[in-house]
Structure formats: C-alpha cells, structure tokens
Amino acid sequence: MLSRVASSLYWMSRYIERSDGILRMLKINYASSQDTVQKFTWEPVVRIFAGVPDEDVEVLEHDSRAVLKYMVLDRENPNSILNIITQARENARSVQEHIPKDLWQCLNEYYHAVRDPKLNYWLEKDDPITALDILIKQGMLYYGTVEITMERGEARSYMNIGHALERSIQSVDILDTKFGSIDDNPDLLTDTTYWKHLLLSLGGYEIYLKTYRSKGFEAENVLEQVIFNTEFPRSVIYSVKHIEIYFERLKSESNMDEFRELSFLIGRLQSSIRYSSVKTIYEEGLHEYLTNIRSELFKIGNKLNEHYFAFQ
C-alpha cells in the first residue's frame, strides 16, 4: 500500500475517534454544569482538547455555551468538531478507491451534519444536547459502517492502529487532567459525582458498576479500570494491545528492520503497563507515570510516520 494511502486511512480514523471523545466529554460536562449548584468550570475540558492560552481559558471556563460553540463549530479552533470532521472527510476523499462507498457516504453525511445551521441555533439558544447527540450518532454510524463493510486487510489495520492510538492518548490525558485537579481541590477525591462523570465521559460507567458493585466510587478503582481493565474498550491496556494486534498484521519481509523497531516500542509500552499496578503508580507518581505513557504513545506515532507514512 502506498504510504500516502496508509497515512490518510490512519488519520481519518484518528480524527473520527478524536471527535467522538470530544463530543462525549462535552455532553457529560454540559449535563454536569446544569446539575451542579456550585460554579462549574470547563477548564479541564478546554485544556485537554483545545490547548488554548491561559488567558483564553479564563474567558471560556465558566461559559458553557461559549465552550460548546468553540469546541464544536469554531473555525479558528483546529480541534473543533467542524475542523476535525473536515479533515477526516478530506482524508477519506483522497482514498475513496480504498474504502467502501457506504463509508464515504457516511463520512460525507457527518460532514454535512456538522455544517447544518441548526447546530448553531441549538448550541447558542436552544438545547445543546440535541446537537451533541446528532453528532455522536453520526460517529456511531461511522463505526458501525466500518465494522460491516470494511475489508479485513491492510487498510483496516492502519485504521484500527489510528483508532487505538488516539483512544489511548485521550484516556491518558483525561486521567492526568482529572486527577491533577485534585491537587487544587482535595475534596474531589471523595466526590462520587466527580468520578461518575469521568466514567460517563469515557463510556465506562456501567462496566464500573458491574466490576466494583460493592465498593462505591473510589479514585483507585477508577484508575484501575481506565488503565488496566482488559475488558474495557477505552482502557489504556486494551488500546495498546490492539495497536500490537493490528501492527502485527503489517509485518512484511520488505521492511523487517522498521517493523522490529516499532514492534519493540509497542511491546515495551505494553509490558510496562501490564507489570504496573495502582500501588506502583502511586509510588512512582501518577502524573509522571501518565506522562511516560503519553511519551511512549507519541514515540509510536512518530515512528509510524517515519517508517510507514514518510512520503518518498
């Protein structure tokens, strides 16, 4: 497969996964902002997904509708849903001959949905949840279309690597930001609503209740689920395992040196997570541990770009 094609498929998948994570986080946080009697802050969400300067964070953090418009429709925000889906569609357009027609139509519909003028009205004056739900369902339609139409070959492997890499980075960033907020507000450590909303934003609320039925919402259990639970699709270990599975399918005699180098990085990261525990994480320091995982994930992404996507 041409490196240009592989890169487009990989980034198309990453962009869709990024949009899904942002939309779910926005929906849960907006609902939380309506329920709380205290002054709600959007600061963690803006920092995770937008990377705006501190002065802009201060302007946005207490204005729910301003944050939603900025994160969904702002053309100046490179991580807005509008810009992300536009990028995903452009990548899909460049490789139409390598994806099913149904998948291209699905992405095209997503693109037109995010450009619908009604979204701006819902976000600005009416019920923002309506707009977010429409876009979340478009993402679910994409995942279902990929699952039932995409050939189980090299193209899908690149797409799944992008999907898993983006998801693992998101989970690490959310944990780092949410647990980091506890340093400034220790009361959050025993705030069950805080942990419930974190789990809901990752789609992990129901599996948490089944796994820790009699233990309530505790920080250590949340950490264990999001990093180590191999049955939870958004856990870090689950995502890294799937990076390994789909990268193994790209093995070829023509690039064994590059394959071994990248395979080593993936295996090293997987082992470091597998042989950790909540106890050893706290001994090392949670922020340092998550920073190291994030660094390793970016190394994997950079090596993929260098060895598989570098256009010759």
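A few points about this structure:
- Lone qualifier among ASN79, ASN83 - being open to solvent by 20 Å² or more (accessible area, probe 1.4 Å), out of contact with any Pro (no Cβ under 7 Å at 6 or more places or on another chain), modelled with pLDDT of 90 or more and not in a loop (DSSP other than H, G, I, E, B): ASN83
- For the stretch 134-188, residues that are hydrophobic (A, V, I, L, M, F, W, C) and surrounded by fewer than 15 Cβ atoms within 10 Å (Cβ to Cβ) total 2.
- Checking each residue in the stretch 261-312 for being in contact (Cβ under 8 Å) with a residue 24 or more places away in the chain, farther than 20 Å from ILE174 by Cα and among the hydrophobic types (A, V, I, L, M, F, W, C) picks out LEU262, LEU265, ILE266, LEU304, PHE309, ALA310, PHE311.
- Check on THR211, modelled with pLDDT of 90 or more, open to solvent by 30 Å² or more (accessible area, probe 1.4 Å) and touching a helix residue (DSSP H, G or I) at 6+ places or on another chain (Cβ under 7 Å): yes
- Scanning the stretch 102-120 for residues that are more than 15 Å from MET71 (Cα to Cα), in a helix (DSSP H, G or I) and open to solvent by 10 Å² or more (accessible area, probe 1.4 Å) yields ASP102, TRP104, GLN105, ASN108, GLU109, TYR111, HIS112, ALA113, PRO117, LYS118.
- Qualifying residue in the stretch 4-26 (condition: within 20 Å of the chain's Cα centre (by Cα) and at pLDDT below 90): no
- Meets criteria (in contact with a Lys or Arg (Cβ under 7 Å, 6 or more places away or on another chain) and of a type in the set (A, V, I, L, M)) for LEU107: yes
- Qualifying positions in the stretch 231-248 - assigned to a loop (DSSP other than H, G, I, E, B) and not small (Gly, Ala, Ser): GLU231, PHE232, PRO233, ARG234
The values are calculated or read from the model by the stated rules, or taken from the named source; none is laboratory data. Owing to the predicted nature of the structure, the values given are computational and were not obtained by experimental measurement. Here Cβ is always computed from backbone atoms with ideal geometry, including for glycine, and neighbour counts include all displayed protein chains. Heavy atoms of the whole protein, side chains included, go into the accessibility calculation; ligands, DNA and RNA do not. Shrake-Rupley method; radii C 1.70, N 1.55, O 1.52, S 1.80 Å.
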